[in-house]
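Participant: After the structure tokens below, expect a handful of questions from me.
The values are calculated or read from the model by the stated rules, or taken from the named source; none is laboratory data. Note that the coordinates shown come from a computational prediction; the quantities given were computed from them, not determined experimentally. All Cβ positions, even for glycine, are placed from backbone atoms using ideal geometry, and neighbour counts span all protein chains on display.
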Amino acid sequence: MKNNFGFFTLMIFVSFIFHSCNNSNNNNSTNNNNNSQNEKKSKQSVVDYTGEKLVITDKIMYDVQICNEIIGDRSKNNPDWFWENLPTPESDEFIKALLDDAINGKLKTYYYDLTSDCESFDEIAQEDLKSYMNSVMTYEFEVIDSTVKRYKTIKKQVPLTYKHVKKLRFLEEWFVADGVFHKKVIAVAPYFVIEYPGFETYNTVYFWIMINKN
């Protein structure tokens, strides 16, 4: 009797394990399918979205501070690193690459017009790109050399680098699709901070960069 009871108990246990494994495999299969579908959805670029959407605004322009100098430690070691700030060294690498690709023509660049309504953009032609970048990516100021009897004026040139980019200017479209709020980046512009000795800081934007357009 004990042997029969033990065999019966063993069969129930095996049946339970087999059933659990099947459910686990089914759940894994379902999860994998869902993950695969979610990955496909996530891979669909917002820029290429062609479905129905509710456009909140077809253009909004604003500046985003990416270098918060109030934060002493701009690395992710600081718990407040994300407050109006991109962490170092990631921000330096990103801005360097962005400027290099714009200057070298890997990314399309467009003239920045302060009076533009941003309905259309005037592309900087490849044959003009080098001369234009040379003209805007260096600024000049004069200093007085007081080490000589007759004071002499010296012109100094300062090349603009990633260190001069403290903000990024974004032009975006905002819309809602499938119950999700989206920001579509149309263009981004490096916002240069220029310092002249004895004068207030001067801020300027020279060109748009189209990141999401071929």
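Participant: Collect the residues in region 105-125 that are at pLDDT 95 or above and polar (S, T, N, Q), keeping them in residue-number order.
Facilitator: Thr109, the sole residue that qualifies.
Participant: Out of region 86-126, which residues are among the polar types (S, T, N, Q) and in contact with a helix residue (DSSP H, G or I) (Cβ under 8 Å, 6 or more places away or on another chain)?
Facilitator: Matches in region 86-126: Thr109 only.
Here's the yes/no breakdown for (1) closer than 25 Å to Phe141 by Cα; (2) part of a strand (DSSP E or B); (3) in contact with a helix residue (DSSP H, G or I) (Cβ under 9 Å, 6 or more places away or on another chain):
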site: Lys163; (1), (2), (3): yes, no, yes
site: Phe170; (1), (2), (3): no, yes, no
site: Phe175; (1), (2), (3): no, yes, no
site: Ala187; (1), (2), (3): no, yes, no
site: Pro190; (1), (2), (3): yes, yes, yes
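Participant: Is one or more of the residues making up region 107-114 touching a residue at least 60 places away in the same chain (Cβ under 8 Å), closer than 17 Å to Pro190 by Cα, of a type in the set (Val, Ile, Thr) and out of contact with any Pro (no Cβ under 7 Å at 6 or more places or on another chain)?
Facilitator: Yes; the residues of region 107-114 include at least one that is touching a residue at least 60 places away in the same chain (Cβ under 8 Å), closer than 17 Å to Pro190 by Cα, of a type in the set (Val, Ile, Thr) and out of contact with any Pro (no Cβ under 7 Å at 6 or more places or on another chain).
Participant: Among (1) within 14 Å of the chain's Cα centre (by Cα); (2) in contact (Cβ under 8 Å) with a residue 40 or more places away in the chain, which single condition is Glu84 missing?
Facilitator: The number of the failed condition is (2).
Residue by residue, here is whether (1) on the phi > 0 side of the Ramachandran plot; (2) outside any loop (DSSP other than H, G, I, E, B); (3) of a type in the set (A, V, I, L, M, F, W, C) holds:
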{"residue": "Cys67", "(1), (2), (3)": "no, no, yes"}
{"residue": "Arg74", "(1), (2), (3)": "no, no, no"}
{"residue": "Trp83", "(1), (2), (3)": "no, no, yes"}
{"residue": "Pro87", "(1), (2), (3)": "no, no, no"}
{"residue": "Asp92", "(1), (2), (3)": "no, yes, no"}
{"residue": "Ala97", "(1), (2), (3)": "no, yes, yes"}
{"residue": "Gly105", "(1), (2), (3)": "yes, no, no"}
{"residue": "Thr109", "(1), (2), (3)": "no, yes, no"}
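Participant: Run down Glu93, Glu127 and say which single residue is over 17 Å from Val193 (Cα atoms), assigned by TED's automatic domain parsing to the domain that holds Glu195, under 19 Å from the mean Cα position of the chain (by Cα) and exposed (fewer than 13 other Cβ atoms within 10 Å of the Cβ).
Facilitator: Step by step, each of Glu93, Glu127 is checked, and only Glu93 is over 17 Å from Val193 (Cα atoms), assigned by TED's automatic domain parsing to the domain that holds Glu195, under 19 Å from the mean Cα position of the chain (by Cα) and exposed (fewer than 13 other Cβ atoms within 10 Å of the Cβ).
Participant: Just one of Val46, Val55, Val64 is within 23 Å of the chain's Cα centre (by Cα), closer than 21 Å to Trp208 by Cα and at pLDDT below 95; which is it?
Facilitator: On the way: Val55 fails: closer than 21 Å to Trp208 by Cα; Val64 fails: at pLDDT below 95.
Only one candidate passes the filter, namely Val46.
Participant: What is the residue count in region 174-214 for residues that are out of contact with any Phe, Trp or Tyr (no Cβ under 9 Å at 6 or more places or on another chain) and aliphatic (A, V, I, L, M)?
Facilitator: 3
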